[in-house]
Structure formats: C-alpha cells, structure tokens
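The values are calculated or read from the model by the stated rules, or taken from the named source; none is laboratory data. Values in this document were obtained by computation on a predicted structure and should not be read as measured data. Cβ coordinates were reconstructed from backbone atoms using ideal geometry, including for glycine residues, and neighbour counts include every protein chain displayed. The area values use the complete protein model at the heavy-atom level, side chains included, leaving out ligands, DNA and RNA. Shrake-Rupley method; radii C 1.70, N 1.55, O 1.52, S 1.80 Å.
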Amino acid sequence: MPAADLDRAWNAIVEDARQRIGDQAWDTWLSVLRPVAADHHELRVRAPEHARSWIADRLLPMLSASATRVMERPLEVVLADAPAPAAGAAGQRGRPGARRDEPAPPPPADRPLTPRYRFEEFVLGPANRFAHAAALTVAENPGIAYNPLFLCGPPGVGKTHLLHAVGHYARRHHPGMRVRYCTAETFTNEFTDALRKHGIDGFKQRYRSIDLLLVDDVQFLMAKKATEEEFFHTFNALHEAGAQLVLTADRIPHDLDRMEQRLRDRFAAGLVAEVAPPDLATRLMVLRKRVTGQAVELAEPAALEEIARHVNSSVRAVEAALVRVVAFASLTDRPLTRGLAQEVLDSLYPGRDRSPGQRRADQPATTVEVLRATALTFEVSEEDLLSRRSDKRLTWARKLAMYVAREETGDSYPNLGRAFGGRNHTTVMNAVRGVSAQIERDPSAQVDLARVRARLAAVHETPSATTTEPIRAQDDRRD
Ligand SMILES: Nc1ncnc2c1ncn2[C@@H]1O[C@H](COP(=O)(O)OP(=O)(O)OP(=O)(O)O)[C@@H](O)[C@H]1O
C-alpha cells in the first residue's frame, strides 16, 4: 500500500479505536504506534520495544477489530519486527524520547500512611463497628480471613482511616510483611506512566511482589478500560499468591456500574463492609478525642454537643466544624462556649436549624447556585469561574466553589468536573482536598468560606437575588 494511503487508513483506524476505547492509557499508545506497511490481510505497526508484549496482548485485538470495520474486510494489525538493538545499547530499555545514557527513573515512592489513622484513634459507633471489626480481623490475619475486604460508604466516614489502620497494624505486628498503600488514582497514573516511559515490568514487579495491598477509592478505576484490566490481573496475581487486598470505594461493588462485571464480582467475593455517617454519640466522642489531643480550652463542654448536633453528615464535617469554631474563638479572643459554637455554625451552615418550610425546602444548594454565590462573593463572573484563566484570586475562588459544591451537592468528582467547564475529575478532587487542608490551617480561608456560604444562603433562598451587593472576600488569596 502506498505510504499516503497507509497513513490515511491508519488515521481512520486509530480514530475508530479511540472513539470505542476512549481511555487515557490506550490513547497514550495509539499515539506512539507507527504504521510501517500493509497488504490485503495485515497491517504492520512499529511499537516501542519495552511494551511490545503488552501491546500485542491488549491493544492489537482491538485495533484489528477497528481495522476490519474501517477497511470493510478482515484486516489484522500485527507488530512489525523489532529493530536490532543499536551497538552498545544491549540490555537497555528503549524508552521513547529518552537519551541512551539516561538512567531509567527510580520507581515512584510508596505513599506514606497517615500517622494518626490507627485503630487506637478510631472511635467506634453503630455506623462503623462492623467495618472496624472486619478491618481489625484482616489486619490480624492477612490473607486468611476475608479477601478482599471491601470498605464502602459516603465521603468522610472513616474508610481511609481504617485502610491506613490495617497498614499500620500489619507493619507493627507482622515484621517483614510487604505493605503497599495507594489510591486508585495513583495506580492509574503509575500504570500510564509505566506504559509511556519506563516499562511495564517494573510496574508489575512493584504491585505484585507484596503481601498486603491497600487501595483507596477504587471507583476511580471505572470506565478506564486498560487500567481496569491491569488492576484485574494485579488483583488475581496477588489473590492467587495469598496476598491480602483491602479496598475502599464510595459505593458497594454492585453499584460500580461503569466497571467490568468480572472486577465487580472479584470485589464482592470477599467481605463487603459498609460504613455509614456517624450517630450523635460517635460524633461527640470524636470531638472529645480531638479536643483532648489538641489541648483546646473549652469554657463550656456543651460547646462540643452543639457542634455534634449541628453537623451530622460525616466525621470529616464534624472535625472541620470544630476547627472553625476553635479558630473563631481564638481570633476573636472569646471563650469557647455553646453560644459561640452556635453563632459560628449558624453562619457556616445557615438555615440548618430552621423548621422545614421557612427556607426554600431547606435543601442543599445546586452547583449553579454555588457558582453564582462564589462569583458574587469574589466579584467575578460565573464565566470567569468556568474559564481556564488562572490568576491567583480567580483560581482560589474556583477551588473554593468546587469545595462548596462538593459539600453541598455530594456530587461525584467527574460530574463536578463537567459542571466546572469540562475539567478533569482529578482537578476537582485536588481542589477539594487542597481547600480542605487550607481551611484547617488558615483563618482567612475560613472567612472566605463563611462568606461564600452566607452568600449561598441568600442565593438559595431567593434564586433571583443575584444583584445584591457582593460580599468582599479576603485579599490575601491562596493558590
Ligand atoms: N470513627 C472515627 N474515629 C475517628 N476519626 C474518624 C472516624 N471516622 C473518620 N474519622 C476522621 O475523619 C476524617 C475523614 O475520614 P476518612 O478520610 O477516613 O474518610 P473517607 O470515608 O475515606 O472519606 P473519602 O471517601 O472522602 O476519602 C479523617 O480525619 C479521619 O481520621
């Protein structure tokens, strides 16, 4: 086939494949494969040396299907013969774009376990007792009791805490055990990177030569076909070798609806333990524990009750409310009383204590309302918030809006990404985590948050109230 025809055919095949597989990992490879020749039955492509076997197993069958569709005849896509290694390069990995004398990068460092996330720090209650018992049993008898253990529930109820606790316990009580903690997002990024840069073998070695694998937020694997498939093989290899897997997700395996059935089945085959939002007594216990740990001066112990009653969605929300109340007391130099807690929380969560009907159904706000409230607070337009403009003040306003939208709507990161101008879910997730950390340590961030919330209350109660005076936000903006 002449070169021009070959290129045209190849572009059409790649386009067909891209539309069907739509996955970052495969997309990476589609862009580095090069067609070299074709006859009536075969189209030969050149692939980077270090990933030939992976491509042959995973990608070529799909490309052959696309080729057959596009060319309207059976056409198999195969690998062209590998070029002979250049003199002096024997044994080196052929990373695309890498200089020959450049050493392969070191494998990514393990994600550390958070020191505080231990069983001893975990407050028990009816909503988490079962999950806690299951996690402890697995930590005591890894690979024997329940495998995998699948912890699931809404945000902020302690799934990550329990996951890390299993890791801490295993490191302390089973010396020599190889433990690895990662998020599903890290797994995805490392996998994509391994494919693109330094070879899949090192990646497999890192994830398969361990005894305990702890993976957070596996819902992020959904709809990423190549990564899902790699995770499936990792899962099987570890399981067959008797290694323990502990996974967390924001829903039960059955509801991971955009994930392959075989992976959902694997997840559900061990023990599924749900964690629910904490009851009042647990919330109060968490607050007491945090206050003791931080030597906070309480003028009235009932202040904690006020916080526990006011905030009931998750332990994370309870902890954040405590931080805000303590910060307010110290900034205004006032004693930490029940009245002060009520005052602060009323401004942060306005309307929560009113009777239904007084406020517009007392329902959570929508993302559109959050955008409007943030735009008014920061005196920018909603288009600016959705745009790619990245000056410091606007970026902070955008991140804050993402954080409030996540808190208010509980919507998924991908959905929020779409609502915020078609951004990637990772951008939203990083923004939410960044803002969450920022408001823990920075009083002016708390003030900004309170102002957006106050504006949101007005926007929410009076949907047309978009022309009210903007509330000025703090001037020292964060990144
Ligand atoms: N029962 C508990 N006892 C003590 N602290 C808790 C408890 N549950 C949650 N926490 C604390 O609440 C915060 C949020 O918990 P964690 O990150 O584990 O939630 P999560 O369920 O994994 O949330 P996400 O799904 O958003 O990742 C952490 O600071 C954690 O230590």
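Key figures for this structure:
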| quantity | calculated |
| --- | --- |
| Portion, in percent, of the accessible area of segment 367-461 that falls on carbon or sulfur, probe 1.4 Å | 48 percent |
| Solvent-accessible area, 1.4 Å probe, carbon plus sulfur percent, for segment 280-348 | 53 percent |
| Zero-based 10 Å bins, Cα pair distances in segment 361-413, whole percents | 27, 54, 17, 2 |
| Solvent-accessible heavy-atom area per residue, rounded to whole Å², over segment 197-343 at 1.4 Å | 43 Å² |
| Kirkwood Rh (inverse of mean 1/r, distinct Cα pairs), segment 367-461, angstrom | 12.9 Å |
| Stokes-Einstein D (µm²/s) once Rh is taken as the Kirkwood radius of segment 119-274 over alpha-carbon pairs, at 10 °C in 1.306 mPa s | 102 µm²/s |
| Carbon/sulfur fraction of accessible area - segment 119-274, other protein chains in place, 1.4 Å, % | 50 percent |
| Residue-normalised accessible area of segment 367-461, expressed per residue, 1.4 Å probe, Å² | 37 Å² |
| For peptides 132-138, 335-341, sequence by mean Cβ density within 10 Å, most packed first | 132-138, 335-341 |
| Set of lysines with alpha-carbon distance to K159 below 24 Å, sequence-local pairs under 8 removed | K224, K289 |
| Built amide H within the under 5 Å cut-off of T183, gap 5+ | D216 |
| Semi-axes of the equivalent ellipsoid for segment 280-348, Cα gyration tensor, largest first, Å | 17, 13, 10 |
| In sequence order, calculated HN-Hα J values of segment 325-340 (Karplus, 6.51, -1.76, 1.60; Hz; x Gly/Pro) | 5, 5, 4, 4, 4, 6, 5, 9, 6, 10, x, 7, 10, 4, x, 5 |
| Lys, Arg +1 and Asp, Glu -1 on Cβ, resulting dipole of segment 367-461 about Cα centre, debye, nearest 20 | 320 debye |
